[in-house]
Each structure stands twice: as C-alpha cells, then as structure tokens.
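Everything on this sheet refers to the single structure shown next.
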Amino acid sequence: MEQVLHGLFPVLPTPFDENEEIVFSDLKNMVNFAVRCGVQGIVINEFFSEFYMFTDKERKQVVESVCQYAQGKVPVIVGACATTPMRATYWAEHAQDNGAAAVLVSGPYLFPYPWGDLVDRGFRIMNEKVHIPIIVQNAPMDKLTSNLNAGLSRDQAVALMREFEHVQYFKEDANGAQVEITRFLDAASDLPEGACKGIFTGAVNGSDFHDDYLRGATGFMPPLHMADVREKQWQALHSGDLKQSQKIQFALAPLLCFERLFQLDVCKDVLKRRGVIENTGNRRRNATIYNATTREEFQRVYDYLTASNLV
C-alpha cells in the first residue's frame, strides 16, 4: 500500500569541506539525526541542497548514498528538478531505481519551456516511467534568490493532477504561502477523489509552519537543523494542541528572523554546533557573506536557543 506523505520532511543541506568536496560522512550523520528526531521523511537534492552546483556524478552519488543510509529507517524524497523536462525524467527514474519514496519536480530552472512541451515532453513521459508519487514544486525566483526560476503555478499543478495519476502533491515555495495554500485547495476542490493527496510548504525556512497547517497544509519541508523541535510542533498540530504549537513557533522566532538573511549558512552552522556535521563549506560565489561579524551576531541567537532548551 502506497504511503501517504504527510508530516515533517526536513531538507538536508549538502556539506562541503574546505576543498568544496561533498562530505558523505556528514550526510550519513544528518540522516541519522533526522531518524533520531522522529521525522516522517527527509528531502535531498532540493534547491536548498545546492544540487545545481553538483556534477552529474555527484548528484547520483548523493541519491545513492542517502537512500542507502536511510533504507528501512525513513522515506526519502528526491529532488528531480533539471534544466529540461527530459533530464528531470532521467533524475526521477534514477531516484525511483534507488528506492526513493517520491520525487520533487519543478519546471526547468534556467530557461522556461512552453506549457505544452513541458507536459508532453516532461510530465507525460515521467508519469509513464515513474510509479512513485510526483510532487510538483513552485520555486519562483524570489525563493531561489538568483537568476533561477522554476515556478509552476497552482493552476498548472492542478492541471497535472487532473491528467496524470502519479502527480499527487504540490509544494508551494512562494512568499505569502498561506494565501496560496487556500487558493490551491480551492482550485483543487473539483479534482477526482484521491487525485490530490496534499500540499507541502517550506518557503522562507518554514517560518509560517503553524499558520500553514491551519490553512490546510499537510506536509512541511523546512531545513534540517531544528528537526527535533519542528517534529514536536508537528505532533502538537496533528494532535490539536494549537497552544503548544504556537509556543514553539514563538520560541523559534529569533532564529527564524535571523535565517531570513542567512538561511543555508545558519542551517549548517547550527548542525555543526549541535555535533551533527563537521563541515559547513559551500560552493556559492554570490551568497551573502556569513563572516565573523555575522557569526558573532548569531551567537546571541544561539545563546537564546540554548537558554530556552531548544538545542
């Protein structure tokens, strides 16, 4: 019986050493950390994971390694976003062959394709070759903070769900996700029963986790570093304890505000401080500088997290 993908699915960042090489021992440690946190699954090779900085060999190695680390422990959702719909199908098949529970797919992230070509040369073929759930991702330019733009609108997602049986979920990464959740669910309301199995959010570090749930989101993909705290929040929401969820949301507020400027760097920094990884390098050349002054500023936030028993 196919697993329903609801709950917390944190996104793993990619750990690089000082030579910008991927550190697979750190990846394994992150998988183990996620398992200890009790999450419902993990996500790899998403935009937050910097997959677009990988070679094809590295991209395969990450999928194969993480799926092996996680086997029998936690489901893995694999990002299959690519520069063409044909390459996205290739990566989706590779994920399926290695035991992925689902794939996450946006539009081509460098040059847009006409809608008809994206459907006929992309999702139609992917739906034939891939028999695990396909999550359609709206990753607009404001999310990617670069020239990349892989947006697929809610109406396009609904159209894909209507036509293709394996397109079953939508992930909204646009700012103002709460409004978009309502609009998507309204647009999806006349789909055949079971065609839409849920909507994920994760935009801007999952800062609106509580309100996203109240709007109807059924799954969340925040960064990994606070997965234990976020799992407690998910369990509170799922059990109807809204006061506890809100308490957690407010307690995380200083961290979430700081992350809006340094999201990926803060995630890796916290994972290192928590003893999960040893390497916090990256390959980005256009990123905001996370320097000594910034780390000193963040120390005050981390001290608050420690004093609040959140880490």
**Asked** Which whole-number percent is the relative contact order of region 204-262 (Cα, under 8 Å, 6+ apart)?
**Response** 43 percent
**Message:** With angles folded into 0 to 90 degrees, how steeply does helix 292-307 sit against the dominant principal axis of the chain? Use alpha carbons for both and round to 10.
**Reply:** 90 degrees
**Asked** Dipole size in debye (nearest 20) for the chain around its Cα centre, Lys and Arg Cβ +1, Asp and Glu Cβ -1?
**Response** 420 debye
**Cα gyration tensor shape for region 1-128, rounded if a/c is under 1.5, else prolate or oblate** = oblate
**Complete:** Between the Cα axis of helix 242-251 and the main Cα principal axis of the chain, the angle (0 to 90°, nearest 10) is 60 degrees
**Request:** Per DSSP H run of n ≥ 4, the term is -39500 (n - 2.57); total these for the chain, divide by its residue number, and report the mean residue ellipticity at 222 nm rounded to 500 deg cm²/dmol.
**Result:** -14000 deg cm²/dmol
**Complete:** So the angle from the long Cα axis of helix 56-70 to the longest Cα principal axis of the chain, reported in degrees to the nearest 10, equals 70 degrees
**Prompt:** Can you give the Kirkwood hydrodynamic radius of region 172-223 from its Cα pairs, in Å with one decimal?
**Reply:** 11.1 Å
**Asked** Extension gain residue 247-residue 289, at 0.36 nm per residue separation less the Cα-Cα distance, in nm?
**Response** 11.9 nm
**Fill in**
Under 14 Å by backbone N from the virtual spin label 7 Å along Cα-to-Cβ at residue 68, the residues of region 13-46 are 24-29
**Prompt:** If you roll a 1.4 Å probe over region 134-282 with all protein chains in place, what percent of the accessible area is carbon or sulfur?
**Reply:** 48 percent
**Prompt:** What is the Cα radius of gyration of the chain over 2.2 N^0.38 Å, N being its residue count?
**Reply:** 0.94
**Item:** Members of 243/272; 60/247; 197/243; 129/268; 28/232; 171/268 lying beyond 29 Å, as alpha-carbon distances in this model show
**Value:** 243/272; 60/247; 129/268
**Message:** Contact order normalised by length for the chain, with contacts defined as Cα pairs under 8 Å and 6 or more residues apart; what percent is it?
**Reply:** 19 percent
**Message:** At 1.4 Å probe radius, can you tell me the per residue accessible area of the chain in Å²?
**Reply:** 43 Å²
**Fill in**
Here the net charge surrounding residue 90, from other residues whose Cβ is less than 12 Å away from its Cβ (Lys, Arg +1; Asp, Glu -1), is +1
**Request:** Report the FRET efficiency, 1/(1 + (r/R0)^6), for residue 18 and residue 128, where r is their Cβ-Cβ distance and R0 is 41 Å, rounded to 0.05.
**Result:** 0.40
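The values are calculated or read from the model by the stated rules, or taken from the named source; none is laboratory data. Because the structure is predicted, anything quoted here is derived from the model rather than measured. Backbone-built Cβ (ideal geometry, glycine too); neighbour counts: all protein chains shown. Surface accessibility is based on the protein's heavy atoms, side chains included, excluding ligands, DNA and RNA. Shrake-Rupley method; radii C 1.70, N 1.55, O 1.52, S 1.80 Å.
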